[in-house]
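The values are calculated or read from the model by the stated rules, or taken from the named source; none is laboratory data. Keep in mind it's a predicted model, so treat the numbers as computed, not measured. Backbone-built Cβ (ideal geometry, glycine too); neighbour counts: all protein chains shown.
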Amino acid sequence: MRKPFICGNWKMNTNRAEAVALAEAAAATAADVPAVEVGACPPACYLEAVLAAAQGTPLVVGGQNMYVEPKGAFTGEIAGPMLADLGCTYVILGHSERRHVFGEPDDLISKKVKAAFEVGLKPILCVGELIDQRRAGETESVVRRHVTTGFEGLTTQQAADVVIAYEPVWAIGTGETATPDQAQEVHAFLRRLLADLYDARLARAVRIQYGGSVKPENARDLMAQADIDGALVGGASLKADSFAAIISGAAQAKGP
Ligand code: PEP
């Protein structure tokens, strides 16, 4: 059984006090809704404050990115061992903003996935097509490339610990959401792909989140889809009540 996972990606938002308040609220919701794993990925400079707020609660915390090398002359970067040292559980890798704003290529993201596992961090590997790629009928080939390169060289055990976030780029921060059917179609394709790359058991085990303008109004219908195992939430995770409503929606959709 895959435990639904709702994770907030706060991007370059909040100040310290807001980050702590959001973390405290998310931690309270996580305690109230144990059927759902709840995570928060704050800006790196607030990780320590958020981790302190999460301590002793079920809230899990992740970095929004990391560099591939463990240390050295890489001004402005954060290393995997640093995230692990702070107590992070997850790290988002290959987010569309990293791919398309900062130009991160597939092979760098693939190396980062392996570097994350070397220090015990679980990657949330983001995959997804641009609108032109969807219109050109390339959605499956794009996400196949993202997953195939992202999982390259992983053991079956490591592969089972990757969380995939399917995030159609045209739906991120735009208010435009994939319909539940559109998202489910891609999620089912990704699960078939994992079965081809590994085996049916692994494909059943990997959690695949949806991301792209998830809100309280659409969370329940998206999470009701068989292959959608949670959400990576940007904008709506910056309001404690919206984030809590998305978590409750996931619990209701996946509940008995
Ligand atoms: C994201 O940043 O991963 C995301 C899905 O953002 P939003 O929910 O704002 O579309």
Legend entry - Residue check, Asn13 surrounded by fewer than 18 Cβ atoms within 10 Å (Cβ to Cβ), within 19 Å of the chain's Cα centre (by Cα), closer than 23 Å to Ala250 by Cβ and at pLDDT 95 or above: yes
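Scan region 80-96 and tell me whether some residue there is within 18 Å of Gln209 (Cα to Cα) and away from the ligand (no atom under 14 Å from the Cβ).
Scanning region 80-96 turns up at least one residue that is within 18 Å of Gln209 (Cα to Cα) and away from the ligand (no atom under 14 Å from the Cβ).
Return the total of residues in region 141-164 being surrounded by 16 or more Cβ atoms within 10 Å (Cβ to Cβ), more than 20 Å from Arg98 (Cα to Cα) and not polar (S, T, N, Q).
Residues that pass the stated criteria total 4.
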Inset, instruction - For region 45-79, enumerate the residues that are out of contact with any strand residue (DSSP E or B) (no Cβ under 6 Å at 6 or more places or on another chain) and within 16 Å of the ligand (Cβ to nearest atom). - result: Asn65
Legend entry - Residue match in region 132-140 (condition: among the hydroxyl-bearing types (Ser, Thr, Tyr), more than 12 Å from Val68 (Cβ to Cβ) and crowded, with 20+ Cβ neighbours inside 10 Å): yes
Legend entry - Single residue of region 221-252 satisfying the filter (free of Cβ contacts under 8 Å to residues at least 60 places away in the same chain and within 17 Å of Cys7 (Cβ to Cβ)) that is nearest to the ligand (Cβ to nearest atom): Ala236
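Here's the yes/no breakdown for (1) in a helix (DSSP H, G or I); (2) within 15 Å of the ligand (Cβ to nearest atom):
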position	(1), (2)
Gln133	yes, no
Ser141	yes, no
Thr149	yes, no
Gln157	yes, no
Thr174	no, yes
Arg191	yes, no
Ile208	no, yes
Val214	no, yes
Ala219	yes, yes
Legend entry - Residues of region 113-131 classified as surrounded by fewer than 17 Cβ atoms within 10 Å (Cβ to Cβ) and either β-branched (Val, Ile, Thr) or in contact with a Cys (Cβ under 8 Å, 6 or more places away or on another chain) (or both), total: 1
Inset, instruction - Output the number of residues of region 115-131 satisfying the condition of being in contact (Cβ under 8 Å) with a residue 40 or more places away in the chain and in a loop (DSSP other than H, G, I, E, B). - result: 5
Legend entry - region 20-77, residues that are within 29 Å of Pro105 (Cα to Cα) and among the hydroxyl-bearing types (Ser, Thr, Tyr): Tyr46, Tyr67, Thr75
Inset, instruction - Within region 49-56, identify whether any single residue is out of contact with any Pro (no Cβ under 9 Å at 6 or more places or on another chain) and more than 26 Å from Ser248 (Cβ to Cβ), and answer yes or no. - result: no
